[in-house]
1. Go through (1) surrounded by 18 or more Cβ atoms within 10 Å (Cβ to Cβ); (2) closer than 20 Å to residue 368 by Cα one by one and return the number of the condition residue 194 breaks.
2. Show the residue pairs meeting these rules: Cβ distance below 6 Å; 6+ apart or different chains; first residue within segment 324-339 and at positive phi; second residue more than 8 Å from the ligand (Cβ to nearest atom) and part of a loop (DSSP other than H, G, I, E, B).
3. In the list 476, 470, 500, which residue meets the criterion of being out of contact with any Ser or Thr (no Cβ under 8 Å at 6 or more places or on another chain) and more than 14 Å from the ligand (Cβ to nearest atom)?
4. Only one of 447, 454 is within 16 Å of the ligand (Cβ to nearest atom), buried (at least 24 other Cβ atoms within 10 Å of the Cβ) and over 24 Å from residue 329 (Cβ atoms); which?
5. Tell me, please, whether a residue that is of a type in the set (A, V, I, L, M), under 22 Å from residue 146 (Cα atoms), at pLDDT 95 or above and within 16 Å of the ligand (Cβ to nearest atom) can be found in segment 317-327.
6. Any chance segment 302-312 includes a residue that's part of a helix (DSSP H, G or I), out of contact with any strand residue (DSSP E or B) (no Cβ under 6 Å at 6 or more places or on another chain) and more than 30 Å from residue 246 (Cα to Cα)?
7. Please return the ranges of helices (runs of 4 or more DSSP H) entirely within segment 177-260 where 3 or more residues are within 28 Å of residue 403 (Cβ to Cβ).
8. So which residues in segment 78-127 are under 18 Å from residue 183 (Cβ atoms), outside any helix (DSSP H, G or I), in contact (Cβ under 8 Å) with a residue 60 or more places away in the chain and not polar (S, T, N, Q)?
Amino acid sequence: MSQSTDGGISTMDTEEEPENLGDSLEKSWRGVPMEAIHRNLHPFELENLPPVSAGNHHRVLYQLPIRDTPPRPHKSPGKWDSEHVRLPCAPESKYPRENPDGSTTIDSRWGMIERALLQPIESSEELQAAILSYNTTYRDQWHFRALHQLLDEELDESESRVFFEDLLPRIIRLALRLPDLIQSPVPLLKQHKNASLSLSQQQIACLLANAFLCTFPRRNTLKRKSEYSTFPDINFNRLYQSTGAAVLEKLKCIMHYFRRVCPTERDDSNVPTGVVTFVRRSGLPEHQVDWSQSAAPLGDVPLHVDAKGTIEDEGVGLLQVDFANKYLGGGVLGHGCVQEEIRFVICPELLVGKLFTESLRPFEALVMLGAERYSNYTGYAGSFEWSGNCEDTTPRDSSRRRQTAIVAIDALHFAQSQHQYREDLMERELNKAYIGFVHWMVTPPPGVATGNWGCGAFGGDSYLKSLLQLMVCAQLGRPLAYYTFGDTELRDDFHDIWLLFRSEGTTVQQLWSILRSYSRLMMEKTPKEPREGKACKKTLYEFIREELKKDKDGPGNGSPAEAGTSKAAGSGEAICEAKPLAPAKISPELTKKPVLPKAAVSQGSPDLFPTQESHDSDSSPEQVILMLSDDEETNAMMEAASLEAKNSEEVSNSSTPAKSSSSSSKTGGGRQLTLLEMLDSHYEKGQASKRPRKAPNCSKAEGPAKSRKENDEEDKKDIVD
Ligand code: APR
């Protein structure tokens, strides 16, 4: 039995099955079998969260103990303030109603909503009209082309009729039960707060029915300083006006969910009877781990690395990672359709987290326990397709929660991949994973099921991210199941280096020291075009091997490489070169230095987080980049600016074809994207907090740009309700 460095006793069996070649040829996985990841216990034996109990830091919206199924709503006086969700049925929720004589009266918004939705609705145009009737501010902006396409074209005549005659009335009836089902204030899980919220699945279905019908007030303005500008969107209007095949497939998943959970007039036996808990974790900078002091042996982590399978299918009973956006759900109510968005539409109860979870800060995470899976799917991103019903048989815990624990942690988005090797940014990723994986119970922590976190839309290097997550699991004494999503080379390389760590007894602090050397090396080497693909990523592992070998050969071979001194580095060509950070053109107002928390300054390496006094010196543009690094909006602006710069450079020397990049700033036809359009794409990837107002030259299709005055008018209206 080994003592994990965080005090939790980890009876981790790290013995690996003897491998024979024949075996490994057909096995899609390497390392220890899943039984060892489950510590040779039943997959659901270990708990991720304690049982639900109401308290100051845990609000429960249903009555405890649970006597009825589904649980009955807890009752307490409603709140209309900045700490709680502004429910559309609140008496304070008002809306200006235009009278026939042109005058306007301030009316109860809920009354308007009821009147609009209880009218017969027999087509998607009528549905759009009903929704807009209590969202008049957006009458000229919202168009529901995806909803029309699904209901008028994608579904056949009979399916469409069933929707309008059966399913839509059920969704509406459930939505209008909001005053019955939610009878206590819904707290916002705000930044800098450790807080939990538990709701019944029935209450979640009711809230999501309201999101489907876009009834939540004040959640639609794009004004950057509006009350919910730091919250994800919750009303489905953005989904209805998005384009692409995946949007229709996501809508099918959501409609299927409502088919499953909305009671009919005669029968409510299909209403789910369980509970879901959302836990916001917010760590303090001074509580961050000092990774240079962690003696946790990396080889002690039972590692199962599999090129096949997915986190949601194989990670049964484990803490499953959501490769999140800081705005929970990312582009799920837009165009997005990668790991997080897919998880949120096959388990739609996760969507309700968007209603009350403020965007995640660097040392924050959100754990979600109890969400049920309702749909199966095939494909990914553009090829994503709904593929039918899923009966989730995951057992429930003593609090009636499906024992599926998901943790949302948002990686940094690296537009230029070499940024990710910067020490402070690697540290940010370590601390983000730490606050997500930390286990606040005395029982041993279940294993973690993860994969290429931050290595898809966010452009990270899976060779680095796999090691960072291994370090955190070592520190916390958690087994690690890593799914490489088809990358057999990564599987083998990750497994091989883990074997090396095990044979050498490499600790977290040793690896961290090597990574910091690599970081300095990457910053100092003269720029050569970084080799694309594996060759570049493999050099990280080669560098680590070299350094471990030097350590092993003992003194006289120097401590882990100082920048530029290691043999591998000395040979130069073995190490993937990277351009030193090109100082992005940062507009003056963006170079205002944020006041970094004192601890953050002491935590970061001095040259990267200069002390307050040195802020006054003119920090290099690179340092400004690092100091702003956790402000995605700034990143997006900088990236867009640098893309702008890069493209104008490429246009000038037209000999070099513009490199395609995930965030290419060129449209298909080669037209330069406007800064707004580039930000738009960052919004989808969660980079920009909210898209600013339309630029004057926005395309006709999107209608004329609103003036600032008109927008302010809207916001005024918005605030009324
Ligand atoms: N199981 C295991 N691995 C997966 C799965 C899955 N179900 N889905 C995808 N992967 C792997 C793929 O290799 C993918 O490239 O994880 C990688 C990263 O997935 P992304 O979703 O691109 O995650 P990330 O790079 O962190 O980007 C996050 O994308 O989904 C949005 O809202 C999210 O804005 C955020 C951004």
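1. Condition (1) is where residue 194 drops out.
2. Hits for this filter: 329/232.
3. Details: 476 fails: out of contact with any Ser or Thr (no Cβ under 8 Å at 6 or more places or on another chain); 500 fails: out of contact with any Ser or Thr (no Cβ under 8 Å at 6 or more places or on another chain).
Exactly one residue qualifies, and that residue is 470.
4. Values: 454 fails: over 24 Å from residue 329 (Cβ atoms).
Exactly one residue qualifies, and that residue is 447.
5. no
6. Going residue by residue through segment 302-312, those that are part of a helix (DSSP H, G or I) are 311-312.
Subsequent filtering for residues that are out of contact with any strand residue (DSSP E or B) (no Cβ under 6 Å at 6 or more places or on another chain) retains 312.
Add one more test, that the residue is more than 30 Å from residue 246 (Cα to Cα), and what stays is none.
No.
7. On the way: elements: 178-181, 201-212, 237-240.
Correct list: 201-212.
8. Scanning segment 78-127 gives 78, 79, 83, 84, 85, 86, 87, 88, 89.
The values are calculated or read from the model by the stated rules, or taken from the named source; none is laboratory data. Note that this is a predicted model, so its numbers are computed, not measured. Neighbour counts run over all protein chains shown; Cβ positions are idealised from the backbone, glycine included.
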